[in-house]
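The values are calculated or read from the model by the stated rules, or taken from the named source; none is laboratory data. These figures come from a predicted structure and were not determined experimentally. We place every Cβ from the backbone using ideal geometry, glycine too, and count neighbours over all the protein chains shown.
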Amino acid sequence: MKSAYKLSAEHQVDTKIKPKAKKKKWYKQVAQNYDLYLLLLPTLIYFLIFHYIPMYGVIIAFKNYMPGLGILGSPWAGSGGMEHFIRFFESYQFWDLIQNTVSLSILQLVLGFPLPIIIALMLNQLMHARYKKFVQTVIYAPHFISVVVLVGMIFVFFSTDGLINNLILMFGGEPVNFLASPEWFKPLYIGSGLWQETGWGCIIYLAALAGVNPEIHEAAIVDGANKWKRILHVDIPAIMPTAVILLILSVGNIMNLGFEKAFLLQTDLNSSASEIIPTYVYKMGLQQAQYSFAAAIGLFNAVINLGLLWAVNRFAKKVGGSGIW
């Protein structure tokens, strides 16, 4: 019989050889699965044409772009190309834009991230199949409503002569001008987003819960675990890797709020709370034709998102061992 030392030595040799063998065989694996890579090819071409090649256009953030001269022919901006960034940082609107954007994003993340998990766990416990499908259909349906229709519904319900104010008057209260009040913009924006996207967001968690082996639940029941303990010790660990990845993506996209809904809900009276970076970029770039200045703000926003994505991914890998890359 071989000694334990020889066995461990052979094991060490095998572990040293295997990585080299994998490096030599990657192209063979690609050749064997060429059909799968061909299926991936249209997606790669799409991202290359519409997302990567146009990225050269970000250089207008460092130039005084003139449409007649083109991107490459336009002169460079002052202060080493940083003129537009400095102008934005020194603008009186800078901190208001950052505060509005970050506060809305954080509220949306804090309230919108756990709700789909909670609803998915609740739906997973429903035993009546037809009732479960009915509930799923009801909570998924708002996702398919367009933003324009959603804002129209908000105006119908929350205008001065809308349904909500009629109910307030019915109970002897004073009507509230929700749509013109800065303090009501965030509740309307966040609340409508939760109503529209929470049901749709729980689909991926339901898919993760569907992959849990039923035998684990049966063993937990035999051991005397109630529903709460099974949720705590079986269901939540099963969806945790999915939740971590979605959290990383959500934090990495924290500065990219939905432009359409904020712009459609914006009025002159609530602009102090509704003016965010995407709406400001739209106004500067398209309405006032300050293309370089708008590009600089958009690039600043993208860099912040990239930094947050990298930091959260690194933190998640250190704490939980899983990340996007």
Inset, instruction - Please enumerate the residues belonging to the range 113-135 that are at pLDDT 90 or above, surrounded by 15 or more Cβ atoms within 10 Å (Cβ to Cβ) and of a type outside the set (A, V, I, L, M, F, W, C). - result: Pro116
Inset, instruction - Select from the range 272-309 the residues that are of a type in the set (Phe, Trp, Tyr) and either in contact (Cβ under 8 Å) with a residue 24 or more places away in the chain or surrounded by 20 or more Cβ atoms within 10 Å (Cβ to Cβ) (or both) and list them in ascending order. - result: Tyr280, Tyr291, Phe293, Phe300
Legend entry - Candidate set: the range 43-86, residues that are in a loop (DSSP other than H, G, I, E, B) and of a type in the set (Ser, Thr, Tyr); chosen: the one surrounded by the fewest Cβ atoms within 10 Å (Cβ to Cβ): Ser79
Legend entry - Selection within the range 169-193 - part of a helix (DSSP H, G or I) and either of a type outside the set (A, V, I, L, M, F, W, C) or within 17 Å of Glu260 (Cβ to Cβ) (or both): Leu179, Pro182, Glu183, Phe185, Lys186, Pro187, Leu188, Tyr189, Ile190, Gly191, Ser192, Gly193
Inset, instruction - Could you tell me whether Arg130 is touching a helix residue (DSSP H, G or I) at 6+ places or on another chain (Cβ under 6 Å), free of Cβ contacts under 8 Å to residues at least 40 places away in the same chain and assigned to a helix (DSSP H, G or I)? - result: no
Inset, instruction - Would you point out the residue of the range 275-325, among those that are part of a helix (DSSP H, G or I), of a type in the set (Phe, Trp, Tyr) and out of contact with any Gly (no Cβ under 7 Å at 6 or more places or on another chain), that is farthest from Arg87 (Cα to Cα)? - result: Phe315
Legend entry - Members of the range 270-325 that are touching an Asp or Glu at 6+ places or on another chain (Cβ under 8 Å) and among the hydrophobic types (A, V, I, L, M, F, W, C): Ala273
Inset, instruction - Quickly run through the range 185-217 and pick out the residues that are surrounded by 17 or more Cβ atoms within 10 Å (Cβ to Cβ) and over 21 Å from His143 (Cα atoms). - result: Leu209
